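The values are calculated or read from the model by the stated rules, or taken from the named source; none is laboratory data. Predicted model only: the values in this text are computed from it and were never measured. Every residue, glycine among them, receives a Cβ derived from its backbone with ideal geometry; neighbour counts consider all protein chains shown.
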Amino acid sequence: MRSVLAVTMLASLAALPVQVRAQEPGERTQGTAAVAQHPYATAQEEGAAGTEHPVQVALFFPVQVFPETAAIRGVRISLIYGKNTDVTGLDIGLVSHTTRSFLGVQFGFVGVAEGDFTGAQLNGVVNFSRGTFQGLQWGTVNSVEEGRGLQFSGVSVARQFRGLQIGIVNYAESLDGVQLGIVNIIKRGGAFPVLPLVNWGTGGDGSN
């Protein structure tokens, strides 16, 4: 009887290290799963940020249905101020803001395009395009860095423009086209630096 008890105790003692060693791989596996979960969560967040949505409604950024990192392909309505990276389609709002690209029609009071803009910017107060602009600007004040098309406003300002400027005051640092207005200013390459009613330029760097 004593021999049986002794053998049983020895077997139990021998089994203890095996149980401890068997738990270690399990612990490492749980740690690996926790580490693997983090990149997945990060990728999921990045995917959600880069998604496209057909409709956006904004009260005042950042209070809007989808975050600013989302692209809108369809209709965006900005009750006060809306901001997104890209917009394709119809953009209506008090203040509309894109940070990367716009393709379509923008209608409201103030429109700001930090990136490229293609289409019609029809904001009654201010139209501002910092990237490459192609299309029509109509408003009280129009401003483009580089563009082609038509600017029609009270005051039109362009660093480089190719096309037609119509307004009370038209200003271009470099113009390949025609200005029609009360005061027409072409800083470089114009027929005249300042001319009433009509002025024109060829986009050159020369001055008269």
query = If you go through the range 32-87 one residue at a time, how many are of a type in the set (S, T, N, Q), at pLDDT 50 or above and not in a strand (DSSP E or B)?
reply = 2
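Give GLY131, GLY203, GLY147, GLY111 a once-over and let me know the one that is within 29 Å of LEU79 (Cα to Cα), in contact with a Ser or Thr (Cβ under 9 Å, 6 or more places away or on another chain) and surrounded by fewer than 22 Cβ atoms within 10 Å (Cβ to Cβ).
Details: GLY203 fails: within 29 Å of LEU79 (Cα to Cα); GLY147 fails: surrounded by fewer than 22 Cβ atoms within 10 Å (Cβ to Cβ); GLY111 fails: surrounded by fewer than 22 Cβ atoms within 10 Å (Cβ to Cβ).
Residue meeting the stated conditions: GLY131.
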note = Those residues of the range 103-155 which are touching a Leu at 6+ places or on another chain (Cβ under 6 Å) and aromatic (Phe, Trp, Tyr) amount to PHE107, PHE109, TRP138
key: Unique residue being closer than 24 Å to VAL178 by Cβ, in the same structural domain as VAL87 (by TED's automatic domain parsing) and in a strand (DSSP E or B) when the list is VAL144, VAL112, VAL125   = VAL144
